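The values are calculated or read from the model by the stated rules, or taken from the named source; none is laboratory data. Note that this is a predicted model, so its numbers are computed, not measured. So basically every Cβ, Gly included, is an ideal-geometry build from the backbone, and we count neighbours across all protein chains shown.
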Amino acid sequence: MTPAPLPPDQPPDPGGDRVLPPGQRHTDKLVPMHYGRVPRLDLQHWALTVGGATRDGGVQVLDWAALQRLPTRTVRADLHCVAKVSVSGLVWTGVPLSEVIALAPPEPGAEHVLLSAAYGYSAAVPLAELDVPEALLATHLDGQALTPEQGWPARIVMPHLYGFKGPKWVLALDYHHHPQRGMWEEHGYHPRGRVWEQERYAHQD
Ligand SMILES: Nc1nc2c(c(=O)[nH]1)N[C@H]1C(S)=C(S)[C@@H](COP(=O)(O)O)O[C@H]1N2
Ligand SMILES: [Mo]
């Protein structure tokens, strides 16, 4: 997949390269942050499965070839870790999650999503946070294919949410009728995780 160049008219992420969300401090470059080892995936076997409470009750398997047929988008965004460091001005390219949702829509009322990745990492997110134009199934960073440490072949990017909501090495998106708990939510982190509202911990609600 050849990433599209950054459209000149695209505004930067709110706050851009200068203003950080409350409670965050800059760090210079993307330092890979994850639990455990970097999984060894291969494109022959990789797929994103979209399942759970789908409208037609089926499971959509989006393999690498199918992914290449979908439109892409490039988004310039900062990455904000809930542990309070931020990296500015990353340029992500990938398939908008709205396209993925359109391919395999949820059942009416299934408004929660659990995203799962290799080695059991998971993140829970309300469907509405995923179905925004800048939310991506990202395959490229700064015009280059993701490195294994960065989540190759694909990771979820939702610039308005804390980094923990975006699994690297993502494998599944499942719709649910009730809120789920992923790895961080299980430890008291926020069910929605919006950065500009500082939604770090569930007990803030
Ligand atoms: N599979 C997986 N994805 C993950 C994580 C992880 O531990 N495992 N950490 C998350 C967290 S907390 C952050 S801040 C970002 C960090 O992205 P980076 O490693 O590219 O800096 O990845 C997110 N995605
Ligand atoms: Mo993080």
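Could you grab me the full set of residues in the range 146-159 that are away from ligand 2 (no atom under 15 Å from the Cβ) and free of Cβ contacts under 8 Å to residues at least 40 places away in the same chain?
Within the range 146-159, L146, T147 meet the criteria.
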- Message: It is to be established whether one or more residues within the range 187-203 are more than 12 Å from ligand 1 (Cβ to nearest atom), at pLDDT below 95 and closer than 24 Å to P21 by Cβ.
- Response: yes
- Limited to the range 88-101, what total is found for residues that are at pLDDT below 95 and surrounded by 18 or more Cβ atoms within 10 Å (Cβ to Cβ)? 1
- Message: Condition check: away from ligand 2 (no atom under 16 Å from the Cβ), over 23 Å from Q144 (Cα atoms) and exposed (fewer than 13 other Cβ atoms within 10 Å of the Cβ). Does G57 satisfy that?
- Response: yes
- strands (runs of 3 or more DSSP E) wholly in the range 87-200 with at least 2 residues that are touching a Ser or Thr at 6+ places or on another chain (Cβ under 9 Å) - which ones? 112-117, 122-126, 136-141, 170-176
- The residue that is surrounded by the fewest Cβ atoms within 10 Å (Cβ to Cβ), considering only those in the range 16-54 that are of a type in the set (S, T, Y) and touching a Phe, Trp or Tyr at 6+ places or on another chain (Cβ under 8 Å), is Y35
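More than 14 Å from ligand 2 (Cβ to nearest atom) and of a type in the set (V, I, T): which single residue out of V170, V195 fits that description?
None of the others qualify; the one that does is V170.
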- Please state which of the following conditions A65 fails to meet, knowing it meets all the rest: (1) under 19 Å from the mean Cα position of the chain (by Cα); (2) more than 14 Å from ligand 1 (Cβ to nearest atom); (3) modelled with pLDDT of 95 or more; (4) among the aliphatic types (A, V, I, L, M). (1)
